[in-house]
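**Student:** Below is the structure I would like to discuss, written out as structure tokens.
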Amino acid sequence: MDSSILIIVLSLSVLISYAFDLFSSRFKTPSVLLLLLLGILTRQATEYFNVQVPYVNTILPTLGTLGLILIVLEGALNLELHADNLSVLRRTLIASLLSIVGSTLIMAGMLYLLLNDSFYHCLIAALPFSIISSTVTVQTVANLLPGQQEFAVYESAFASILGVMAYNFLLLSRNSIVGAVWSFTRDTLTMALISLGCCFLLLYLIGKISHRIKFLPIISVLFLVYALAEINHLSSLLLILIFGLFLNNTELFIRGRLSRILKNDLFEKELDQLKNLTAEGAFVVRTFFFLILGYSAIPQTLVDTDALIVSVLFVIVFVAWRWVVLQLTYRGPLKPLLWIAPRGLITVLLYLNIPEDARLLGFREGIPILVVVLSSVVVMAGVLGYKPVRNDG
């Protein structure tokens, strides 16, 4: 492909995605749906003109991993650990944990009855579908009441972390649950210590680097440590979570003389720059991930009757279980918060990364995309026409 044409395609993709984002915020239509549709239409166009796009199956998991890192970092950079919101943090943490555990068990039981494979394989297949997408959630909660917004954003941020950690634990438990508990605990503590060391080092670098290029090398260090931790089967996402929380809540961890060493007068301004860079990076990666995901989708798998039935059942399960969870953890009106349970990048990425020997036999390949689409439609329908009744005193 000519380099000029490639530049045009990449630039148009970002601009179209930006337009989708503006459209989504105005008409409450998740941009994920539009990106997937554009990807599917692009595949039809390339097939018609006999154009081949290489390395799709290689690029997709890589983009997904980069997107996962940036999404978790973006969420952690927006979590504030203050005494006045500890109650919300506690309730959203419990809500995300209950949501993941409950919906995974219910969906795994359903798959066990339908496909009659081992329950472990059913758990591995079901877990990715229990994780709420923080990206789609943030896009759809702008018009909700402040308490609902806060609950939804924190819940989805915790869900991303807990979901990936639960997924890693399940992979470790293939041979022995006791061994998995020991390995998971050891690796988590090891990663927590490494993360704290990296946090102090990176915070020092933020304060001392005077070069105009500052945050890209720091984010690259995060990617590097994440990849090395992944190779060694450590809870690498903890690094991203701890780093984001650390930077956004330095007043809790850095005090007195240490504050004068590790922070400077421009720290708050620089932190805002890092947040903006992370948000824009996550936007670009997410754009190409869902475009390529739509492109890689085989149309026949999306109209498969069995895939449609299972996808609809999954959506019913996690909406019904969400009602139970919100009854236990949320104080306030449930609508439209009940319907905001979208699935997105993390769901697809974790499903794609299931090892071959742990895959569920008979599980249809079109289900991940169908669940993302159907859950987004549910969110759209739940939020459409909603007008919050605000109490201004």
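**Student:** Quick check: the distance between the Cα centres of segment 205-237 and segment 6-42, to the nearest angstrom?
**Tutor:** Cα centroid to Cα centroid, the span is 29 Å.
**Student:** Using Cα pairs closer than 8 Å and at least 6 residues apart in sequence, work out the relative contact order for segment 97-167, in percent.
**Tutor:** 35
**Student:** Another question, if that's okay. Taking the Cα centre of the chain as origin, work out the dipole magnitude from +1 charges on Lys and Arg Cβ and -1 charges on Asp and Glu Cβ, in debye rounded to 20. Walk me through the numbers before you get to the answer.
**Tutor:** Values: 25 positive and 23 negative charges, 165 e Å.
Value, rounded to 20: 800 debye.
**Student:** Out of every Cα pair in the chain, what percent are spaced more than 27 Å from each other?
**Tutor:** Beyond 27 Å sits 52 percent of the P(r) for the chain.
**Student:** Something else: Given a Förster radius of 30 Å and the C-beta distance between Glu47 and Ile7 as r, what FRET efficiency does 1/(1 + (r/R0)^6) yield to the nearest 0.05?
**Tutor:** Here the calculated transfer efficiency is 0.85.
**Student:** Still on this model: Quick one: plug the Kirkwood hydrodynamic radius of segment 119-232 (C-alpha pairs) into Stokes-Einstein at 10 °C, 1.306 mPa s, and report D in µm²/s.
**Tutor:** It comes out at roughly 93 µm²/s.
**Student:** Considering just Cα atoms, how many Å³ per residue does the convex hull of segment 170-249 enclose?
**Tutor:** Enclosed volume per residue, from the Cα hull, is 84 Å³.
**Student:** If you don't mind, another one. I need the trypsin sites (Lys or Arg not before Pro) found in segment 291-345, filtered to DSSP loop residues with at most 14 other beta carbons within 10 Å of theirs. Mind dumping the intermediate values first?
**Tutor:** Details: sites: Arg322, Arg331, Arg343; in loops: Arg331, Arg343.
Those satisfying the criteria are Arg331.
**Student:** If you count, for each residue, the other Cβ atoms within 10 Å and average over each peptide, how do 367-379, 297-309 line up from highest to lowest?
**Tutor:** 367-379, 297-309
**Student:** Could you tell me the convex hull volume per residue, in Å³, taken over the Cα atoms of segment 23-147?
**Tutor:** 177
**Student:** Would you be so kind as to identify all helices of the chain, as entire DSSP H runs, whose Cα atoms reach 27 Å or more along the helix's own axis and whose mean Kyte-Doolittle hydropathy is at least -0.5?
**Tutor:** Helices meeting the span and hydropathy rule in the chain are 3-27, 56-76, 86-115, 146-172, 177-208, 267-296, 305-329.
**Student:** Could I ask something else about it? Between Tyr18 and Thr305, what length comes free when the chain is fully extended (0.36 nm per residue of separation minus the Cα-Cα distance, one decimal in nm)? Mind dumping the intermediate values first?
**Tutor:** On the way: separation 287, 0.36 × 287 = 103.32 nm, distance 3.37 nm.
100.0 nm is the gain from fully extending Tyr18 to Thr305.
**Student:** Tell me the mean residue ellipticity at 222 nm calculated for the chain from its helices only (DSSP H runs of n ≥ 4, each -39500 (n - 2.57), averaged over every residue, nearest 500). Intermediate results must be reported in sequence, preceding the final value.
**Tutor:** Numbers: 17 runs with 291 residues, N = 393.
It lands at -25000 deg cm²/dmol.
**Student:** If packing is taken as the mean number of other Cβ atoms within 10 Å per residue, what is the order of 162-170, 137-145, 196-204, 286-294, highest first?
**Tutor:** The most tightly packed comes first, giving 286-294, 162-170, 137-145, 196-204.
**Student:** How far is it, in nm, from the label point at Leu224 to the one at Ala320 when both lie 7 Å from their Cα along the line to the Cβ?
**Tutor:** 5.1
Since every read-out is calculated from the coordinates, none of them should be taken as a lab result. Keep in mind that this is a model prediction, so the values were computed, not measured. When we count neighbours, we look across all protein chains shown, and the Cβ atoms used for this are built from the backbone with ideal geometry, even at glycine.
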